[in-house]
Each structure stands twice: as structure tokens, then as C-alpha cells.
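Structure, as C-alpha cells:
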Amino acid sequence: MSENSETSAFDGAKYRQVLGHFPTGVAVITAMTDEGPAGMAIGSFTSLSLDPALVLFSATKTSASWGKLRGAGKFCINILADDQEDVSRVFGSKADDKFSEIGWKHSGNGAPLINGVLAYIDCDLHSVLDGGDHDIIVCAVTDLDVKHEGGALVFFRGGYGRVAF
């Protein structure tokens, strides 16, 4: 075992800096809760399995937004378009009412489907796994669709960018 492969403490800022060099898509997870619509922005969404159709995202265990969403059991994953940076910022904030200035309608499973998204995925909570200071949320896909063929919003090195082909 080399000297560099031993487990050791490292600087969290350096961790964020290095991992920030990997671009991620931006999505908003939404659900209807007993208190009304709830949502949060994430950059940790990915497909997991085709058969059965599963996707996953992660959320900080201490996130107030995740605390609201977790009990809903049904989510809509809203994949943001390149002109929706403002939507990402709202859902990345600690605002009490993140839906007051965002247009949306109910998706097939009743969760908020945000206007203007590239695509959406309705899903049911399948399982929650331990991921250190995050929960890894695995969801079973129940419906999905592409809403338009625009460019994607991405997060890279601490800022927003766009991907268009």
C-alpha cells in the first residue's frame, strides 16, 4: 500500500474544489407534502437501472428541504433547461415558499412539474441508503417525458453553465 493511498483527513474545501471540476446537470426534486408543495435543487441525479427502471439522487441528511420531501413518498424530478438558472437558485435557497414565483402544474403522480423544464421523471421512493453525511435516495420510475429539446443547465466549478448541441 502506498503512502498516498492510506486513509487520512483532508481539507473539505479542496474536496469541493476538485469535485467541482466535474460538471453536473441541475434538477429540482419536488413533492406534495401535508404542508403543500416542497422542493430542492440537486446536482446529484443519475440513472441507476433500466430493469427495473430506477434513478437516484442524494441529499444532505440535515437538509430541511429533504426533511419535508422524504415523507411524501412520490417525487417529480424536474431536469432544468439552460434558461432556468433562476429556478435553480430559488430551489437551492432556504426560502419558505419556493413556489410563489415559479410556474408549475401537477404531474401525473401529483408532484409539482415546473414549467419550462427539459424533461421530468415521476417516481416513487424505493429506498434510502446511508451515504455518510448524505442520504442516497433510490426511486422507482413511474412516468417520464421530454418536454422540449433545448439546452441543459449545468453546474461547474461553482457556477452555472449551459450545454447545447
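FYI, it's all coordinate maths here, none of it is from the lab. The structure presented is a predicted model; accordingly, all values stated were derived computationally and were not measured. Every residue, glycine among them, receives a Cβ derived from its backbone with ideal geometry; neighbour counts consider all protein chains shown.
Details
- Cα Rg, Dmax, the chain, angstrom units: 16.5, 55
- Order of His126, His148, His106 under a 10 Å beta carbon neighbour criterion, fewest first: His148, His106, His126
- Furthest towards positive pole of dipole, Ala72, Gly158, Gly131, structure part the chain, Cβ charges: Gly158
- Pairs of lysines in segment 49-165 (C-alpha under 19 Å apart; 8 or more residues apart or interchain): 7
- Over 17 Å [Cα-Cα, segment 37-87], rounded percent: 45 percent
- Residue order, fewest to most beta carbons within 10 Å, for Thr46, Thr30, Thr142: Thr46, Thr142, Thr30
- Cysteine residues of the chain whose Cβ has no partner cysteine Cβ closer than 4.7 Å: Cys76.
- Ascending count of other beta-carbon atoms within 10 Å, so fewest first, for Ile42, Ile79, Ile29: Ile79, Ile42, Ile29
- In segment 57-133, the C-alpha radius of gyration followed by the widest Cα-Cα span (Dmax) gives 12.9, 35 angstrom.
- Efficiency of FRET between His126 and Thr60 - r from beta-carbon atoms, R0 25 angstrom, step 0.05: 0.80
- In this structure the amide hydrogen of Gly131, modeled in the peptide plane, comes within under 5 Å of the amide hydrogens of Ile136, none closer than 5 places in sequence on its chain.
- Note on Asp11/Asp97: beta-carbon distance plugged into 1/(1 + (r/R0)^6) with R0 of 41 Å gives a FRET efficiency of 0.65.
- Using θ = phi - 60° in the Karplus curve 6.51 cos²θ - 1.76 cosθ + 1.60, the 3J(HN,Hα) couplings for segment 77-90 round to 9, 9, 8, 6, 7, 5, 9, 10, 4, 4, 5, 4, 5, 4 Hz; x is entered for Gly and Pro.
- Kirkwood hydrodynamic radius of segment 23-65, Cα pairs, Å: 11.9 Å
- Magnitude of the charge dipole, segment 1-130, Cβ model with Lys/Arg +1 and Asp/Glu -1, debye to 20: 160 debye
- Using the Karplus relation 6.51 cos²θ - 1.76 cosθ + 1.60 with θ = phi - 60°, the per-residue 3J(HN,Hα) values for segment 24-39 come to 10, x, 10, 9, 10, 8, 10, 7, 9, 10, 4, 9, x, x, 9, x Hz, with x marking Gly and Pro.
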